Each structure stands twice: as C-alpha cells, then as structure tokens.
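Below is one structure, written out as structure tokens; comments come after it.
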C-alpha cells in the first residue's frame, strides 16, 4: 500500500501552498506598477546582473520560461521601453537583454512595496537564524533542480 501520509508528499504540498500564497499576496504590487510576475522577475534579474544585462539564453535559463517564451517577455518589455536588446560582440548569433533607465526606474518604484510584502508574508515570519538556514536549504534544492538558474551570473547566492 502507498503511504499517503508520507512526509515527502507533505513537503511538496507545503511548498506549493506557500508559493501560491506568496504569489497571490505580491501580485497586486506588480500589477499596480503595470508589471506581471515574470516582467518583474526579468527586470530584477537584469538589474542584478553585471552591466544590467544578460544573454537572452542565460535569461531564459534563469527563469521558468523557454527561450521563445522569454523572447516574448523581452519583446513586450522592449515595446514599453523597459528593456533594450544589445548585440553580442563575441557571437553574432547571440544578443543581450539590458535594463534601460526607464526599466530601472519602474523597478525602483515597485521594489520598496515588494520588500514590504516579502517582510510581511515571508521573511518577517522567521527569526534570522531560521531564515538563514531556510535560504541555505532552498539554494541546495535550487542548484539540484535548476542548475542553470544562475547562468551568466558569478554570484550564486541569488
């Protein structure tokens, strides 16, 4: 008989519930700034990358989107003036997505409220030592299941 009360099932269920709940709590902050969840993630990843840019392939690898899905996101952000494409001098087939000044400004308007949301609904619920251990555990799992999540970035603590 299959044990339906297995702690592994509980762990996955809790993770899904927490992610869904956090996404629901933060979505309105992004929407108020005219951004979707993936728009915000894309702008933040670009802003936190060296030179404010990433190769399109690395950007796609860092997210849950396919290369074509990321291309559509960058197309939309580019139309809005928040991202610009740049040619890659080393490889003519590759291009970079770079955050623009307008993109950085839009991000700057949403980050303070997003940090408040994170503090209220996530990090503020855990004492510092527990939060540090939790973040370490998440990185171990992330690195195993999404080894490309930090593609193109030297600091793997992101």
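Odds and ends about this structure:
- Scaled radius of gyration (Cα, divided by 2.2 N^0.38 Å) that the chain gives: 1.16
- Taking Cα atoms only, the orientation of helix 67-79 departs from the longest principal axis of the chain by about 60 degrees.
- Angle in degrees between helix 37-47 and the longest Cα principal axis of the chain, rounded to the nearest 10: 60
- Spatial separation of Cα centroids for the range 1-24 and the range 25-51, in angstrom: 26
- Ordering of 92-102, 40-50 by packing [mean C-beta count within 10 Å, highest first]: 40-50, 92-102
- Helix axis angle, 101-121 relative to the chain longest principal axis, alpha carbon, degrees: 10
- Peptides 117-127, 24-34, ordered by how many other C-beta atoms sit within 10 Å of their residues on average, highest first, read 24-34, 117-127.
- Relative contact order (%) - the chain, alpha-carbon pairs under 8 angstrom, separation at least six: 25
Any read-out appearing in this document is the output of simple, stated calculations on the displayed coordinates, not a laboratory observation. Just so it is clear, the structure is predicted and the values come from calculations on it, not from any experiment. With ideal geometry, Cβ positions are generated from the backbone for all residues, glycine too; neighbour counts draw on all protein chains shown.
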